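The values are calculated or read from the model by the stated rules, or taken from the named source; none is laboratory data. This is a predicted model, so every value here is computed, not measured. Positions of Cβ are backbone-derived with ideal geometry, glycine not excepted, and every protein chain shown enters the neighbour counts.
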Amino acid sequence: MYTGLQHAHSYLAYLVLLGVAIAFLAALAGLFGGKTFTDQNRKMGLLGLIPTHLQWVIGLILYFVSPLGMSNASGAAMKDATSRLYFLEHPLMMVIAVILITIGYSKAKRQIGSTQGFKTMAIFYGLGLLLILSRIPWNAWPGN
C-alpha cells in the first residue's frame, strides 16, 4: 500500500502542477484581456483545485505512514536538510499552498460577472503555485 501511495503522490504531482498552472495562466489571460469572469472561468479553476486536494489527501496519509514523515519526528531530523524537507518544509508549504488555492477558488466563484474573479484567482493560484514549486523534492521525482 505504501509503495502505491508513494507512486500515486509522485505522479499526481504532474497533474497538480499542470492544473494549477493552466488555471493561473487562464486567470492572467482573463485579467489582462479585460474579460468578465464567467462560470466557465470558475470551472477552469477546478482544474487546479481538484487535483490539489486529492494530492493533499494522499500526502497526508503518506505523512503518517512514511519513514520520512511523522515517524521521523526527532531533533536529528531538523539538522539534516533532506529529513527537514520531508518532515517539515514540504508538508507545511503544501498545506499553505492548498489553503491559498482553496481560498482563491472560493472567493473567485463569488465574483462571477466581474473582472475581479480573474485577479483573485491569479493572486491566490500564483502564490500557491510558487509555494508548491519551492518545496517539491525535485531529486526524488520519477525519472531523476
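Values as computed for the structure displayed
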read-out	value
Single residue of Tyr105, Tyr63, Tyr86 found to be out of contact with any strand residue (DSSP E or B) (no Cβ under 8 Å at 6 or more places or on another chain), modelled with pLDDT under 85 and either part of a helix (DSSP H, G or I) or closer than 19 Å to Ala140 by Cβ (or both)	Tyr86
Matching residues in the range 109-130 - criterion: being buried (at least 20 other Cβ atoms within 10 Å of the Cβ) and either hydrophobic (A, V, I, L, M, F, W, C) or touching a Cys at 6+ places or on another chain (Cβ under 9 Å) (or both)	Phe118, Met121, Ala122, Phe124, Leu129
Residue selected from the range 108-144 under the condition of a type in the set (Phe, Trp, Tyr) and in a helix (DSSP H, G or I), by the criterion nearest to His7 (Cα to Cα)	Trp138
Given (1) free of Cβ contacts under 8 Å to residues at least 40 places away in the same chain; (2) surrounded by 14 or more Cβ atoms within 10 Å (Cβ to Cβ); (3) of a type in the set (S, T, N, Q), number of the condition Ser106 does not satisfy	(2)
Restricting the range 8-46 to residues that are of a type outside the set (A, V, I, L, M) and free of Cβ contacts under 8 Å to residues at least 40 places away in the same chain, the residue that is nearest to Leu60 (Cα to Cα)	Tyr14
Residues of the range 11-20 classified as buried (at least 16 other Cβ atoms within 10 Å of the Cβ) and over 19 Å from Phe124 (Cα atoms), total	1
Unique residue being farther than 20 Å from Leu130 by Cα, under 17 Å from the mean Cα position of the chain (by Cα) and buried (at least 18 other Cβ atoms within 10 Å of the Cβ) when the list is Leu85, Leu62	Leu62
Considering residues of the range 66-82 that are surrounded by fewer than 14 Cβ atoms within 10 Å (Cβ to Cβ) and assigned to a helix (DSSP H, G or I) only, the residue modelled with the lowest pLDDT	Gly75
Any hit, the range 20-27, residues being in contact with a helix residue (DSSP H, G or I) (Cβ under 8 Å, 6 or more places away or on another chain), under 15 Å from Met94 (Cα atoms) and modelled with pLDDT of 95 or more	yes
Selected residue (only one of Lys43, Lys35 is outside any helix (DSSP H, G or I) and either farther than 16 Å from Ile136 by Cβ or under 11 Å from the mean Cα position of the chain (by Cα) (or both))	Lys35
